[in-house]
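Values in this text are rule-based calculations from the coordinates and carry no lab data. Remember, it's a predicted structure, so these values are computed and weren't measured experimentally. Reconstructed Cβ throughout: ideal geometry from the backbone, glycine too, with neighbour counts over all protein chains shown.
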Amino acid sequence: MRAARVLLRPVGLAGIGLLVLVVLVAAFGPILWDGRATVVDTDHLLAGPSADHWIGTDNLGRDLFFRVLVATRLSIVLALAATAISIVLGVVLGAAPMLAGRRVGRVITWAVNVLVAFPGLLLVLFFAVIFGVGARGAALAVGLAGAPGFARLCHTLVAGVSERDYVAAARIAGVGRFRVLFRHVLPNVAEPLIVNATMAAGSVLLSFAGLSFLGLGVQAPSYDWGRLMQDGLNGIYIHPLAALAPGLAVILAGLAFNLTGEALAGAFGIGDVATVRTALGQATATELTAPVPGAVLSVDDLRVTLPGVHQPVHAVRGVTFAIKDGEAVGVVGESGSGKSMTALAVADLIEQPARVEANHLVFAGEDLTVPGDPESRRKHLGTSLAIVFQDPMTSFNPAHRIGPQLAEVSRAHQGLRRRAALARAVDRLRAVRIREPERRARQYPFQFSGGMRQRAMIGMGLMGTPRLIIADEPTTSLDVTVQSQVLALLAEVRRDTGAALLLISHDVSVVTDVCDRVLVMYAGRIVEELPAADLRTLARHPYTKALVAAVPDMETDLDRPLAVIPGVPIDPPHVPIGCAFAARCPLADDHCRAVDPPLLADAAGNRVACHKAAPHSVTSKVTA
């Protein structure tokens with residue numbers, strides 16, 4: 001399909017045609033015409049163009065036309081060798097931060113940036129002096145001079161891919177750095193690298209011809225186009241074609257590479273080329289210090305700290321909650337409230353330099369805050385915990401087929417062989433209502449619709465026997481119909497497997513329909529917890545009420561402006577003293593702005609953190 005797209009473009013047709021012609025001449029030129037290119041004819045020294053010698057002869061009477069054709073092979077081979085050196089060295093340097101660690105990688109990146117600042121011709125001449133004259137020295141010089149540019153490109157591409165969810169999952173699963181690079185990163189940056197290499201080959205060809213022209217490249221008796229241009233320079237005023245013909249060959253070959261690169265770029269869709277400020281009187285102790293009986297997940301005083309520019313950023317500040325077997329708990333709040341960071345901490349997917357702390361974080365009987373065997377924990381989480389991310393296109397590796405990606409879960413965590421794992425992958429695709437699962441398992445993620453990819457993500461979670469499913473905004477990018485299907489599928493999976501559900505969403509309506517309980521988060525804290533059925537009627541926190549009011553329903557007055565929450569969410573590095581919502585709350589007073597309200601539980605078990613909440617019977621106090 002992509003090959004057809006290349007050929008259908010005029011640029012691609014011209015480029016491929018020229019490139020095929022150049023390759024054919026390079027392959028067969030020395031075989032067909034080497035004898036006529038090397039025969040000495042003393043009767044026709046420095047002869048002009050004629051019927052016998054189309055562009056004349058050199059100072060030994062050798063036919064220049066055939067010498068240009070024969071020189072194609074050496075010129076192209078040396079240009080491709082130099083390009084290969086640039087690519088290999090560029091990939092090694094560009095991937096250094098990922099392979100060697102941040103400190104060594106930072107030094108290498110700094111050195112690459114310095115080299116990129118130098119003009120390429122100066123680098124070529126510098127390396128040519130070091131490696132000496134000759135074809136080998138010139139190939140090394142041109143290759144090394146082109147490496148910094150490829151290293152910069154590769155570093156940018158690798159940095160963009162290395163933060164994707166499927167790469168993070170591979171790291172958490174214990175996959176080594178080199179395997180992550182060659183299996184998950186490089187296949188996804190190969191296309192732009194190939195396109196840029198094709199376009200760079202034309203420039204490399206010109207650089208090589210220039211070195212030979214200056215006498216630093218190919219040496220006699222060998223000859224390339226640059227060497228022929230040098231030989232024809234002395235008689236350029238008498239026989240200009242002797243110098244112009246090899247120069248024209250350089251232009252045509254370079255044009256072939258550049259046009260092909262432009263066409264490939266279009267076909268692949270590539271564009272032109274301090275200490276936390278605690279509130280006065282805030283509770284610092286918690287009564288919930290033991291795991292909740294019967295809970296598949298029990299979290300007490302969870303804190304997630306990220307490194308900041310000037311001071312640590314406390315993304316999650318003392319979150320406490322529990323989820324029972326088979327229960328569905330929703331988490332709502334604006335962006336930046338700590339919902340996803342809480343889920344990642346629960347799933348043990350937060351790496352250094354971020355820091356996760358808690359009094360306890362018990363999942364399926366194992367406290368994840370207690371150091372243990374990494375391999376055992378990896379298998380425990382890999383089989384008992386499923387995660388459905390917001391954008392499955394970043395969770396699936398686009399360079400691999402769906403079936404093998406699902407099968408990898410069973411091979412890594414359950415020890416199944418390849419055939420058995422693939423069979424289970426097909427079965428799981430069938431379980432999530434994907435039609436023709438055998439055929440779909442052989443397809444790539446881009447061949448799935450958004451809803452199908454989300455179903456496949458759920459199927460990946462079902463490769464094990466999950467006791468908890470974490471769904472992080474699973475329906476955000478889907479239309480209403482597909483959203484309903486995915487939510488119904490999650491409900492069906494819960495019913496069939498007995499798994500609990502932690503659903504993160506911005507949509508209050510979705511959480512109300514799907515979940516049993518709701519946790520409302522703001523500025524890294526839980527500010528309210530109550531049954532989902534009571535979210536619209538019994539909410540006590542002003543922030544919860546504002547979230548509910550911001551969602552229109554069938555009774556919304558269309559003649560009045562839609563309700564909005566005034567102000568902007570709190571910037572996590574700058575959480576104010578007192579109630580974080582005070583600046584946006586119409587009920588806030590000086591006491592709210594000075595004292596951070598503790599999270600209080602009433603007789604019904606509902607919790608709220610607000611000085612202005614309606615008075616209820618309070619039985620206990622917990623930090624959240």
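Relative to the current alpha-carbon distance between Asp325 and Ala488, full extension at 0.36 nm per residue lengthens the span by 56.8 nm.
Hey, with R₀ at 60 Å, roughly what FRET efficiency would Gln311 and Thr465 work out to, going by the Cβ-Cβ distance, to 0.05? Don't skip to the end; give the middle numbers.
Numbers: r = 43 Å, r/R0 = 0.71.
With R0 = 60 Å, the Cβ-Cβ based efficiency is 0.90.
A cut-off of 5 Å between modelled amide H atoms, ignoring neighbours fewer than 5 places along the same chain, links Gly330 with Leu503, Asp516, Arg517, Val518, Leu519.
Quick one: pull the percentage of alpha-carbon pairs in segment 2-268 with a separation above 24 Å. Intermediate values should be presented prior to the final figure.
Values: 19904 of 35511 pairs.
Everything past 24 Å amounts to 56 percent.
Here segment 142-188 and segment 364-380 have alpha carbon centers that stand 29 Å from each other. In the chain, with Lys and Arg counted as +1 and Asp and Glu as -1 at Cβ, which of these residues, Leu122, Ile87, Pro10, has the Cα nearest the positive end of the dipole, that is, farthest along it? Of the listed residues, the answer is Ile87.
Of all DSSP-defined beta bridges confined to the chain, some 65% are antiparallel rather than parallel. Each Lys or Arg adds one and each Asp or Glu subtracts one; over the other residues with Cβ under 14 Å from the Cβ of Leu80, this totals 0. Cβ-Cβ distance of Asp513 and Arg435, R₀ of 25 Å, FRET efficiency by 1/(1 + (r/R0)^6): the value works out to about 0.45. For the chain, pairs of C-alpha atoms spaced more than 44 angstrom apart make up 41 percent of the total.
For Met98, Met460, which order do you get if you count the other beta carbons within 10 Å of each Cβ and list the fewest first? Kindly include the intermediate steps, with their values, before the conclusion.
Details: Met98 20, Met460 27.
Sorted ascending by nearby Cβ count, the order is Met98, Met460.
Across segment 44-82, the residues whose backbone nitrogen lies under 11 Å from the label position 7 Å along the beta-carbon direction of Ala220 are 59-60. Model label points for Arg136 and Arg106, set 7 angstrom from Cα along the Cα-to-Cβ axis, are 4.0 nm apart. Between amide H atoms placed 1.01 Å from N, distances below 5 Å from Thr476 occur with no residue 5 or more places distant or on a separate chain.
Can you sort Trp225, Trp110, Trp33, Trp54 by how many other beta carbons sit within 10 Å, fewest first? Walk me through the numbers on the way to the answer.
On the way: Trp225 30, Trp110 9, Trp33 18, Trp54 14.
Listing Trp225, Trp110, Trp33, Trp54 from fewest to most nearby Cβ atoms yields Trp110, Trp54, Trp33, Trp225.
Using the 10 angstrom Cβ neighbour count as an exposure proxy, how do Leu368, Leu587, Leu416 rank, fewest first?
Numbers: Leu368 22, Leu587 12, Leu416 18.
Taking fewest neighbouring Cβ atoms as first place, the list is Leu587, Leu416, Leu368.
For the chain, what does the helix formula give at 222 nm: sum of -39500 (n - 2.57) over DSSP H segments with n ≥ 4, over the residue count, nearest 500 deg cm²/dmol? Result for the chain, helices only: -15500 deg cm²/dmol. Label separation (Glu375 vs Val23): 4.7 nm, computed from points 7 Å beyond Cα along the C-beta direction.
Taking only the C-alpha atoms of segment 494-550, Rg followed by Dmax gives 11.8, 38 Å.
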